[in-house]
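Report on the structure given below.
The values are calculated or read from the model by the stated rules, or taken from the named source; none is laboratory data. Just so it is clear, the model here is predicted, and its values are computed rather than measured. Cβ coordinates were reconstructed from backbone atoms using ideal geometry, including for glycine residues, and neighbour counts include every protein chain displayed.
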Amino acid sequence: MKLGFALASCVVACSSSAKAPATPTHGSSETPAHKGHDGHPGHHGHHGDGHGGMMHSFKGADEWAKVFDDPARDEWQKPDEVVAAMAIAPGMTVADLGAGTGYFVSRLSKAAGTTGAVLALDVETDMVEYMKQRAAREGWQHVTPQLTASDAPTLVANSVDRILIVDVWHHLENRTAYAAKLAAALKPGGAVIVVDFEMDSPMGPGKAMRILPAALAAELQTAGLKTELPTESLPYQYIVVARKPA
Ligand SMILES: C[S@@+](CC[C@H](N)C(=O)[O-])C[C@H]1O[C@@H](n2cnc3c(N)ncnc32)[C@H](O)[C@@H]1O
């Protein structure tokens, strides 16, 4: 099954006329609740690593949860459509890389079913602890929140069917090296699904940090992954699907 078909056929609201009516805005405060969804206060709050990645602090999960899990996000993030486009079959093992407070996790768990598994990975201890508490509170099934390294997804080789990466790719350092580690973690036929901000999005990181979809696809291709760029995408973001040959 070809990933991204749902999006390619514009199941999501994908034209400019279909953008969410409430335009998210950036604030200038460093407080998460006052930042845009990606926590980017305009062009401040980051430092580059000289290799394309940008470091950013995501400490304080309780505060970030107000941003990441804001119910208003569903309107433009369209999480059900994103998960549908991942073509997750029951029994699959799915990783959410940079899962944050777990916005996508319950949907991924539902898609993978009782015979599947979800690894909710994040580089911030506080995010992992927050997801563990949320798992207990909300009764997440077959979900393992897990701390990961900043330079590697800490996944077993050939073990994962799908890897979701939402609003995280532009934070990674040495992205081509990282892509090779993702490819190693995928089972043959498995896929990485990357969602990141459009250049003209009113929210997201500063423009200097944004990545064109073709450039992002090229980074994934260096790892031998075959990429697909859905012709239509989300209101403020694009999706790149990168598949490991079967
Ligand atoms: C903008 S948030 C997105 C959270 C989630 N994907 C969502 O859509 O709600 C970025 C998350 O990526 C995490 N992160 C940043 N760099 C990472 C890395 N190298 N490996 C894993 N997680 C990382 C941050 O700690 C943060 O929780």
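What the table shows:
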| item | result |
| --- | --- |
| Looking only at the stretch 83-105, and only at residues there that are surrounded by 19 or more Cβ atoms within 10 Å (Cβ to Cβ) and assigned to a helix (DSSP H, G or I), the one that is nearest to the ligand (Cβ to nearest atom) | VAL105 |
| Verdict on ASP96 being in contact (Cβ under 8 Å) with a residue 24 or more places away in the chain, charged (D, E, K, R) and at positive phi | no |
| Test: ALA112 is surrounded by fewer than 23 Cβ atoms within 10 Å (Cβ to Cβ) and more than 10 Å from the ligand (Cβ to nearest atom) | no |
| Residue tally, condition in contact (Cβ under 8 Å) with a residue 40 or more places away in the chain, crowded, with 16+ Cβ neighbours inside 10 Å and near the ligand (Cβ under 9 Å from one of its atoms), over the stretch 59-82 | 3 |
| Selection status of VAL118, within 15 Å of the ligand (Cβ to nearest atom) and touching a Pro at 6+ places or on another chain (Cβ under 8 Å) | no |
| Residue in the stretch 116-127 that is over 27 Å from ALA215 (Cα atoms), free of Cβ contacts under 8 Å to residues at least 60 places away in the same chain and not in a strand (DSSP E or B) present | yes |
| Yes/no for GLN146 being part of a helix (DSSP H, G or I), at pLDDT 95 or above and surrounded by fewer than 18 Cβ atoms within 10 Å (Cβ to Cβ) | no |
| Selection from the stretch 127-139 of residues that are within 15 Å of the ligand (Cβ to nearest atom) and surrounded by 15 or more Cβ atoms within 10 Å (Cβ to Cβ) | MET127, VAL128, TYR130, MET131, LYS132, ARG134 |
| Complete set of residues in the stretch 110-130 that are more than 15 Å from the chain's Cα centre (by Cα) and under 11 Å from GLN141 (Cα atoms) | LYS110, ALA112, GLY113, THR114, THR115, GLY116, ALA117 |
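Residue by residue, here is whether (1) at pLDDT 95 or above; (2) farther than 20 Å from SER109 by Cα; (3) out of contact with any Phe, Trp or Tyr (no Cβ under 6 Å at 6 or more places or on another chain); (4) not aromatic (Phe, Trp, Tyr) holds:
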position	(1), (2), (3), (4)
HIS44	no, yes, yes, yes
ASP49	no, yes, yes, yes
GLY52	no, yes, yes, yes
MET55	no, yes, yes, yes
LYS59	no, yes, yes, yes
GLU63	yes, yes, yes, yes
ASP74	yes, no, yes, yes
ALA85	no, no, yes, yes
ALA89	yes, no, yes, yes
